[in-house]
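Scroll down for the structure; my scribbles are underneath it.
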Amino acid sequence: MKKILTIDGGGIRGVLPARLLHEIEKTVKKPVSEIFDLIAGTSTGGILALCLTKPDSNGKPVYKALDILELYENEGKRIFKKSPWKSTMSMGNLVDEKFPVKGIEDVLDIYLGEANLSEALTDVIIPSYELEQRMPFFFKSRRAKESADYNFKMKDVARATSAAPTYFESMKLKASPPIDYFALIDGGVFANNPSMCAFAEAKKVYGNEEEILLVSLGTGELTRRISYEESKNWGLIGWARPLLDVVFDGVSRTVEYQLSQILNPDESKKRFFRFQTRLDVGNDNMDDASATNIRVLKLKAEEMISSSKGEFEALCKLL
């Protein structure tokens, strides 16, 4: 059986899957990179996937899931740090991205350094979107091992997949001739839940005869209501940020439905596990890195683990 892990995008809400992965590592008594054959992550999920598969000098994972949970706690404010000058010049984010890229790039440099995609301890697939060619762009460690042209730095891959429109500027990634660069943004615009991408990749690589176990970790379902009266007269400016949230959330739920139909036709032989929670408390913004909100997210993760105890135990037996 091939075991696949997928992690949604969601900014600071990566606290939720990081906490659940810590629980999986504790229960199975193995690092994530040794449990799964393929890991797919979008945006914050991509950062998690890359950090958890980065090797040390002995070929072991540098980080445990708990380390990445601490990344959100310790570095969240640096990643989502507003610049007063930038806020003024961008007219309150109306004509420019919300955050300077220096914060996130500094953090990615600290955690991922000069590691290459080909060094990932297990296969990874990280979605992004290429603007100039208008196409989905997948960073694959399998391809990186085969072609030096696609063996990008992990930190650059993480930066590209997390370049959420209106939050961070797009990523200009140097490429090899005849293409001189790629213009990339957050893969969440088409695959915020990368589970279907991972499933397709697994079918291609492992074949139809191999049984698939797919574990999908969400970053919280949005519950904040967008009323008809509020939204009916929105134009481009009014819809910019809410539309991104709607797309990310809608894509995630659609993929969850599709794979539950494909992999769980018989509940007695479950092969698709989705762990998700409703964000009915706290702030569902991707960029609220306040200590209060991170604590609320951690409590929601504990609640999710507790309420899904039977399903979690069944999964860990399979892992």
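The values are calculated or read from the model by the stated rules, or taken from the named source; none is laboratory data. Remember, it's a predicted structure, so these values are computed and weren't measured experimentally. Heads up, the Cβs are rebuilt from the backbone with ideal geometry, glycines too, and the neighbour counts pull from every protein chain shown. For the accessible areas, the whole protein counts, side chains as well, though only heavy atoms, and no ligand, DNA or RNA atoms are used. Shrake-Rupley method; radii C 1.70, N 1.55, O 1.52, S 1.80 Å.
By the gyration tensor of its Cα atoms, with a ≥ b ≥ c the square roots of the eigenvalues, what is the shape of region 255-319: rounded for a/c under 1.5, prolate for a/b over b/c, or oblate? Judged from the Cα gyration tensor, region 255-319 comes out prolate (a/c at least 1.5, a/b above b/c). Charge dipole (Cα centre; +1 on Lys/Arg Cβ, -1 on Asp/Glu Cβ; no other charges) of region 1-140 amounts to roughly 380 debye.
The listed residues Met135, Met286 rank as Met135, Met286 when sorted by accessible area, largest first, using a 1.4 Å probe. Highest GNM mean-square fluctuation among Ala183, Ala160, Ala148, for the chain modelled with Cα contacts below 10 Å: Ala148. Helical content alone sets the calculated 222 nm signal of the chain at -14000 deg cm²/dmol, taking -39,500 (n - 2.57) per DSSP H segment of four or more residues and averaging over every residue.
Look at the Cα gyration tensor of the chain: its axes a ≥ b ≥ c give a/c under 1.5, and that counts as rounded. In the context of the full protein assembly, Arg253 retains an accessible surface of approximately 90 Å², using a probe radius of 1.4 Å and ignoring ligands and nucleic acids. Tyr257 contributes an accessible area of around 140 Å² to the protein surface, as traced by a 1.4 Å probe with all chains present.
Under the rule a/c < 1.5 gives rounded, and otherwise a/b versus b/c splits prolate from oblate, where does region 50-193 land using the Cα gyration tensor? Verdict is oblate for region 50-193. With a threshold of 25 Å on the Cα-Cα distance, the over-threshold entries among Lys26/Lys300; Lys77/Lys300; Lys140/Lys298; Lys145/Lys174; Lys174/Lys203; Lys140/Lys203 are Lys140/Lys298; Lys174/Lys203.
Solvent-accessible surface of region 124-212, averaged per residue with a 1.4 angstrom probe and all protein chains in place: 45 square angstrom. Available extension along the chain between Tyr181 and Gln261 is 24.9 nm, counting 0.36 nm per residue and deducting the alpha carbon span. For the chain, the dipole from Cβ point charges (+1 on Lys and Arg, -1 on Asp and Glu) about the Cα centre works out to 240 debye, to the nearest 20. Full extension of the chain segment joining Ser57 with Arg134 gains 23.9 nm, where the gain is 0.36 nm per residue of separation less the Cα-Cα distance.
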